[in-house]
1. Need the failing condition index for residue 98 against (1) on the phi < 0 side of the Ramachandran plot; (2) modelled with pLDDT under 95, just the number.
2. How many residues are out of contact with any helix residue (DSSP H, G or I) (no Cβ under 7 Å at 6 or more places or on another chain) and assigned to a strand (DSSP E or B) when one looks only at the stretch 458-476?
3. Contact list please: Cβ distance under 7 Å, first residue in the stretch 237-255 and touching a residue at least 12 places away in the same chain (Cβ under 8 Å), second residue surrounded by fewer than 17 Cβ atoms within 10 Å (Cβ to Cβ) and outside any helix (DSSP H, G or I), pairs at least six apart or on different chains.
4. Report, by residue number, each residue of the stretch 314-340 that is at positive phi and either surrounded by fewer than 24 Cβ atoms within 10 Å (Cβ to Cβ) or in contact with a helix residue (DSSP H, G or I) (Cβ under 8 Å, 6 or more places away or on another chain) (or both).
5. Give me the pairs: first residue in the stretch 453-476 and closer than 18 Å to residue 292 by Cβ, second residue in a helix (DSSP H, G or I) and modelled with pLDDT under 95, beta-carbon distance under 7 Å, and six or more apart or on different chains, which are they?
6. Suppose the filter is buried (at least 16 other Cβ atoms within 10 Å of the Cβ), at pLDDT 90 or above and more than 20 Å from the chain's Cα centre (by Cα); does residue 459 pass it?
7. Would you confirm, using the coordinates I've provided, whether residue 318 is within 14 Å of the chain's Cα centre (by Cα), more than 21 Å from residue 211 (Cα to Cα) and assigned to a helix (DSSP H, G or I)?
8. Tell me the residue from 271, 241, 219, 235 that is over 17 Å from the mean Cα position of the chain (by Cα) and either assigned to a helix (DSSP H, G or I) or buried (at least 21 other Cβ atoms within 10 Å of the Cβ) (or both), please.
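The values are calculated or read from the model by the stated rules, or taken from the named source; none is laboratory data. Here the structure is a predicted model, which means the values were calculated and not measured. Heads up, the Cβs are rebuilt from the backbone with ideal geometry, glycines too, and the neighbour counts pull from every protein chain shown.
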């Protein structure tokens, strides 16, 4: 590797690499050997135009998490991943710190939104699910009922405003017919659930504003309270990812850089089916966050009365999209990376004159950021990282234990002690569905989000609008 400057590392093409690879990272950001190897593998793919990593790069499946790959005529399911359209959403409130008890807000939300893996909430018929998969948030009006805590709390006008503040309007050209029966079955009752892993709902307070004008326009104020939601396409999306990774492996696994990096020709029947299924899963994830937003608003208004609770933006990661860059149509895969479009790429949206809001969470217990895209991020296909990035595996962080907390015979000791975990979460009210596994997401298991964002800004990829810190966290 060759360091180009304080924030970029170049990996010159060698062996089967078709292009150089680039990593955005400072000297203070640790790079895993295996994650770098995966990035080099991505640079070996057919029709690859660019392979790069954002500062949160860490080991993934097939390609590293925190990876952007531009491909000409193929799609790679593993370069999107299992949790299709895992994404971020931020709601602002009109109240300041001290007006609400964060613990009370978290407990209230907990009663309406199930946390953890395998949970269910809103039940749909198969026909209603197909509307969601086809139309995303724009189809919610077609499946909404008249009764129940979700539909009674829904505001159609608020939903229309939300759509303007969601990437692609929360509606991709999904094809439910390209999903397996099992994938659709897994989605029938999972809308309105958070999931496990690194997904969360946080009650946050704005501790720093760096762009007063833009922050004010987006409803962000110093000491103001907001809520961040991080979740994806649940079991439905995981099934879609797994189904098409297996299909790709059967078709091109023998000639791929690695078996995990098998691809599908984008213009083939299989490739078109994957794109349609991926976009259907993306629609499911958009609607999932919309349903949770309805429930968060329901609980906040129970405490505050009828106050405005707009969203700043909803931005996905783990997606592949057809985009034009430097006059070339490409399939841009962003795995653990998020779009950061400048103003000229946001025409027809409320952000046409300022650029796209970018939402970057830290780890549980640490800061999160709202940034805005810049023209200088052209070098990354207008992409930035999606979070802080892990520095240790879940097993390394929490030790080898069962979901009930029993240490497995001969298993690994936790690298993070209970006492260290408590210290890291000092001052943050925590609700965790599984108290034995929550240490997997401890702040010590992640990179320093402040340093990660500093690299993004120093490299000219985005500018900071505001920084938030958590007051209460809900985890699966």
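1. Unmet for residue 98, out of (1) on the phi < 0 side of the Ramachandran plot; (2) modelled with pLDDT under 95: (1).
2. Here the count works out to 5.
3. Within 7 Å, the pairs are 239/180; 243/180.
4. Listed by number, the residues that qualify are 326, 327.
5. The qualifying pairs are 475/438; 475/441.
6. In short, yes.
7. Criteria not met by residue 318.
8. Result: 271 is the single residue among 271, 241, 219, 235 that is over 17 Å from the mean Cα position of the chain (by Cα) and either assigned to a helix (DSSP H, G or I) or buried (at least 21 other Cβ atoms within 10 Å of the Cβ) (or both).
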